1. Filter region 1-52 down to residues that are among the small types (Gly, Ala, Ser), at pLDDT 95 or above and crowded, with 19+ Cβ neighbours inside 10 Å and give me whichever is farthest from the chain's Cα centre (by Cα).
2. Find the residue count for region 216-232, including only residues that are of a type outside the set (A, V, I, L, M) and in contact with a Gly (Cβ under 8 Å, 6 or more places away or on another chain).
3. Taking the options TYR120, TYR138, name whichever one is farther than 22 Å from GLU72 by Cβ and in contact with a Gly (Cβ under 9 Å, 6 or more places away or on another chain).
4. Pick from region 129-174 the residues that are in contact with a Ser or Thr (Cβ under 6 Å, 6 or more places away or on another chain) and more than 25 Å from THR119 (Cα to Cα): which of them is most open to solvent (accessible area, probe 1.4 Å)?
5. Given region 115-206, what helices (runs of 4 or more DSSP H) lie entirely inside it while holding 3 or more residues that are in contact with a strand residue (DSSP E or B) (Cβ under 6 Å, 6 or more places away or on another chain) and touching a residue at least 12 places away in the same chain (Cβ under 8 Å)?
6. Filter region 226-244 down to the residues that are touching a Ser or Thr at 6+ places or on another chain (Cβ under 9 Å) and either in a strand (DSSP E or B) or under 22 Å from ILE160 (Cβ atoms) (or both) and list them by number.
7. Somewhere in region 145-166, is a residue aliphatic (A, V, I, L, M) and closer than 20 Å to SER3 by Cα?
Amino acid sequence: MTSLRARALAGEKLLGALLRMPSEELVEMLAVAEFDFVLIDCEHGPADITALRNHIALASAHGVPVVVRVGENDRGQILRVLDQGAEGILAPHLDSAADAAALVDASLYPPAGNRGFATYSRAGRFGEVDPAEHLAWYLENTLVLGMIESPGGVAAVDAIVGTPRLDGIMVGPADLAASSGPEDQPVPEAIAAVHASLAAAGSLRMDIVGTRAAAEASFAAGADLVVYNLASSLMRHLRDLASPER
């Protein structure tokens, strides 16, 4: 099966959903609904690696790749997430090229990075995968994405995006708004600046949205991957269901 990274770099427009654990049934429902990938949030909410393993295994049974948003600067979590079979990492709060380089270093096997090597985990089919093949596949196919969520990150965007083997960026609009002051660039302009840098560099752009119309607008504006904030989308739908005329 073609990896999520290969599909994105080949120009496919890919749709996913961001969810928090425990959400096994939602993972399966997204797979049945034919989403391209699932983004599991281990930055906000529970980040239990055993529960995460169950979510990844269930998605894998349906042939749906998983990307995991990890905690800030958490190399150990990146290692454990990838050992359980996640195809990609999304790391929050990249404020500098050094942050981006550290993310790549933690996510990739040598010589591109320094991820600890093992084939006896779930990702190596418990030792049944040839070590050389395992090494080559993960070097080629691990999707490495970061988030820009501060004025400092926006200011350093060209250096961040230029980091070798960083595949792309998702702007975190809520954190960017919260961390921006009156003297900082307005948030819409800051987001546009990040997107322009991504386009110029040929890097992947991931957007987070709440509605189908917003997803369509993001794809039309150049996004390569779009994720629904599932909590927001579901709450909007539930509020609508809860307010019929009576």
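1. ALA8
2. 4
3. When all the criteria are applied, what remains is TYR120.
4. ASP158
5. In region 115-206, the matching helices (runs of 4 or more DSSP H) lie at 187-201.
6. Matches in region 226-244: VAL226, TYR228.
7. Yes, region 145-166 contains a residue that is aliphatic (A, V, I, L, M) and closer than 20 Å to SER3 by Cα.
Conditions (1) over 19 Å from LEU4 (Cα atoms); (2) of a type in the set (A, V, I, L, M), marked per residue:
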residue: ARG53; (1), (2): no, no
residue: SER60; (1), (2): no, no
residue: VAL66; (1), (2): no, yes
residue: GLY71; (1), (2): yes, no
residue: ASP74; (1), (2): yes, no
residue: GLN77; (1), (2): yes, no
residue: GLY85; (1), (2): no, no
residue: ILE89; (1), (2): no, yes
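The values are calculated or read from the model by the stated rules, or taken from the named source; none is laboratory data. Just so it is clear, the model here is predicted, and its values are computed rather than measured. Every residue, glycine as well, gets a Cβ built from its backbone with ideal geometry; the counts of neighbours run over all protein chains shown. Calculation scope for accessible area: heavy atoms of the full protein, side chains included, ligands and nucleic acids excluded. Shrake-Rupley method; radii C 1.70, N 1.55, O 1.52, S 1.80 Å.
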